[in-house]
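This report refers to the structure that appears directly beneath it.
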Amino acid sequence: MGLKSLWNKLYDTLSSVKTGIFLIIVVGIFSAIGTVILQRPTSEPEDLQRNYSPETLLWLDRLGLTDIFHSGWFLVLLVLFCTCLIFVSLDRWPNAWKAYTKPVRFATAPFRASLPFTAKFNAGNEAAALSAAEKAFQKVGYSPEKVSEGGASGLFGERQKFAVFSVYVVHLSLLLIFAGYILDGFVGYRGNIQVTEGQAKNVIVLRDNKGGSTKKELPFFIRCDAAGMESYADGSPKKWWSKLALLENGREVVTKTIIVNDPLTYKGIRIYQASMGQSSTPRLLTFAAAPAAGGEPVMVDVPINGKATLPDGESLSVLRFVPDYYIQDNEVFQKSDDPENPAIQLGLTDAKGETKKLWILYAQANSTQGQAAPYIFSIKNAKWAQYTGLEVSHQPGQFGVWAGVVVMAFGLMLAFYAQHTRVWATIIESEGGKQLWVGGTTNKNRDRFQTKFEEIKAELAKELGTPASKPKA
């Protein structure tokens with residue numbers, strides 16, 4: 001089989017309406033399956049494990065059925081359907097364009113025989129009969145033009161000829177919608193990030209359809225300046241909010257306080273409020289400072305990124321906070337984010353600017369005693385910073401999807417309510433003499449057009465003063 005014949009076979013298959021119907025049915029079936037089977041990453045891994053056995057979940061993941069709308073095979077299926085839709089449209093476009101730009105204007109004998117709606121009237125005077133037909137057409141909403149062919153005269157009128165393109169408007173809407181989904185499937189992403197008050201991050205976590213995760217850097221940093229929650233009288237959450245700032249190239253480019261369903265959008269990337277909670281990072285630490293030489297201790301509040309002044313003029317700052325520590329080789333390391341066993345490194349700076357570093361190990365007496373300092377410090381209280389849980393998504397195809405929805409609404413209105421109707425009139429010779437022949441056709445809704453054609457016949461009967469002749473049995 002040569003390349004030409006292979007191409008012709010492929011073109012015939014892809015330009016077939018049957019192929020398009022088959023593909024859209026397959027797409028619909030798998031889309032329905034995607035609404036029944038829990039999908040990653042929107043479903044939590046615990047929910048998937050609770051609803052499916054390990055073997056079932058393994059096969060669902062292997063077949064891509066737990067993330068259908070982002071699976072490679074589903075995107076290929078959409079591409080194939082779009083290709084078929086383009087081929088079907090291109091194959092039928094010449095006929096539609098010809099019907100729009102070069103309609104049959106004169107009703108010849110073979111053409112008259114093909115029309116579904118026709119009528120004949122006795123015509124004593126050719127000019128008077130055509131004039132009557134012109135008036136009748138005008139009264140029912142047509143603006144007929146005079147036409148001629150081979151020395152014979154006639155009339156031609158049409159309405160809503162743009163309706164021949166309604167199917168192509170619907171095709172275009174489907175292409176826009178599916179192209180948007182395809183674009184999102186290949187280059188779009190959706191991930192999560194937790195940012196503590198006062199911090200800035202630019203790495204989000206993406207969950208894949210295998211239950212794993214990957215990290216992705218954003219082109220900017222997200223800084224959380226403040227986060228909080230408003231509650232109802234019974235204590236249940238009413239509203240989460242986060243005051244965010246985006247930093248690009250070290251410069252603050254946009255700020256916004258976001259709430260649920262009111263995201264921050266920048267360069268096509270949307271940042272949604274997803275969750276809220278208490279972080280393991282303190283915002284303010286309260287220490288008891290007891291003079292080493294003896295005396296009553298004083299309480300000192302130290303901001304995590306600031307300093308506090310002691311009674312003798314020395315300043316106290318927090319150099320390092322480890323929420324859950326362990327010691328190895330005389331070094332302090334972090335074991336977890338759970339702030340149940342903290343280690344705090346303090347900086348005590350004297351008037352000369354010299355800083356002495358002290359450690360408070362909460363599990364070991366919670367004190368700096370024995371570290372040769374003018375004060376003995378111990379941790380008494382902490383005010384914790386909130387973290388905001390954000391969902392970050394980049395879906396460049398959404399514009400195409402929404403544009404496709406709007407175009408589809410317009411296309412369906414054309415498809416359901418607009419119809420291309422055409423009418424003709426001419427003088428023909430018959431056994432009883434000359435007759436005025438009128439005919440018409442429509443591209444859809446024949447019952448509705450039949451009513452319109454009956455109106456034409458009634459108007460012609462009034463103008464000519466004679467009813468339409470009955471067709472011979």
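When the test is whether a residue is at pLDDT 90 or above, surrounded by fewer than 17 Cβ atoms within 10 Å (Cβ to Cβ) and not basic (Lys, Arg), Trp59 does not pass it.
Which one is nearest to the chain's Cα centre (by Cα), of the residues in region 329-343 that are assigned to a loop (DSSP other than H, G, I, E, B) and in contact (Cβ under 8 Å) with a residue 24 or more places away in the chain? Ranking the qualifying residues of region 329-343, first place goes to Asp337.
For region 426-452, which residues satisfy the criterion of being without any contact (Cβ under 8 Å) to a residue 12 or more places away in the chain and either within 20 Å of Arg105 (Cα to Cα) or not assigned by TED's automatic domain parsing to the domain that holds Phe137 (or both)?
Across region 426-452, the qualifying residue is only Glu429.
For region 99-108, the candidate set comprises residues that are in a helix (DSSP H, G or I) and in contact (Cβ under 8 Å) with a residue 40 or more places away in the chain; within that set, the residue that is nearest to the chain's Cα centre (by Cα) is Tyr100.
Considering only residues that are among the small types (Gly, Ala, Ser) and farther than 13 Å from Pro374 by Cα, look in region 289-310 and name the one that is farthest from the chain's Cα centre (by Cα).
Restricting to residues being among the small types (Gly, Ala, Ser) and farther than 13 Å from Pro374 by Cα, the top hit is Ala308.
Is it the case that region 298-318 has a residue that's without any contact (Cβ under 8 Å) to a residue 40 or more places away in the chain and under 30 Å from Tyr272 (Cα atoms)? Yes: region 298-318 contains one or more residues that are without any contact (Cβ under 8 Å) to a residue 40 or more places away in the chain and under 30 Å from Tyr272 (Cα atoms). Annotation: Thr388 fulfils all but one of (1) within 30 Å of Lys215 (Cα to Cα); (2) surrounded by fewer than 20 Cβ atoms within 10 Å (Cβ to Cβ); the unmet one is (2). For region 396-437, name all the residues that are surrounded by fewer than 20 Cβ atoms within 10 Å (Cβ to Cβ) and closer than 30 Å to Trp241 by Cβ. Pro396, Gln398, Phe399, Val401, Trp402 - these are the residues of region 396-437 that are surrounded by fewer than 20 Cβ atoms within 10 Å (Cβ to Cβ) and closer than 30 Å to Trp241 by Cβ. For Thr214, the conditions (1) more than 14 Å from Gln194 (Cα to Cα); (2) in contact (Cβ under 8 Å) with a residue 40 or more places away in the chain are fulfilled apart from (2). Among the residues of region 37-51, which ones are surrounded by 12 or more Cβ atoms within 10 Å (Cβ to Cβ) and either in a helix (DSSP H, G or I) or touching a His at 6+ places or on another chain (Cβ under 8 Å) (or both)? Selection gives Pro45, Leu48, Gln49, Asn51.
Comparison of Ala152, Ala179 shows that the only residue that is among the aliphatic types (A, V, I, L, M) and either within 27 Å of Ala96 (Cβ to Cβ) or surrounded by 19 or more Cβ atoms within 10 Å (Cβ to Cβ) (or both) is Ala179. Of all the listed residues (Gly64, Gly28, Gly34), the sole one being assigned to a loop (DSSP other than H, G, I, E, B), in the same structural domain as Val88 (by TED's automatic domain parsing) and closer than 27 Å to Arg207 by Cβ is Gly64.
Matching residues to (1) among the β-branched types (Val, Ile, Thr); (2) surrounded by 12 or more Cβ atoms within 10 Å (Cβ to Cβ):
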| position | (1), (2) |
| --- | --- |
| Leu218 | no, yes |
| Ala227 | no, yes |
| Glu230 | no, no |
| Gly235 | no, no |
| Lys243 | no, yes |
| Gly250 | no, no |
| Val253 | yes, yes |
| Thr257 | yes, yes |
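Here Val104 meets each of (1) over 30 Å from Thr35 (Cβ atoms); (2) buried (at least 18 other Cβ atoms within 10 Å of the Cβ) with one exception, condition (2). Of the residues Glu455, Glu463, the single one that is surrounded by 13 or more Cβ atoms within 10 Å (Cβ to Cβ), of a type in the set (Asp, Glu), within 23 Å of Val104 (Cβ to Cβ) and in contact (Cβ under 8 Å) with a residue 60 or more places away in the chain is Glu455.
Could you say whether any residue in region 87-98 is closer than 28 Å to Phe165 by Cβ, surrounded by fewer than 14 Cβ atoms within 10 Å (Cβ to Cβ), hydrophobic (A, V, I, L, M, F, W, C) and free of Cβ contacts under 8 Å to residues at least 12 places away in the same chain? Yes: one or more hits.
The values are calculated or read from the model by the stated rules, or taken from the named source; none is laboratory data. What you are looking at is a predicted structure, and each value in this text was computed from that prediction instead of being measured. Neighbour counts are summed over all protein chains in view; Cβ atoms, including those assigned to glycine, are modelled from backbone coordinates with ideal geometry.
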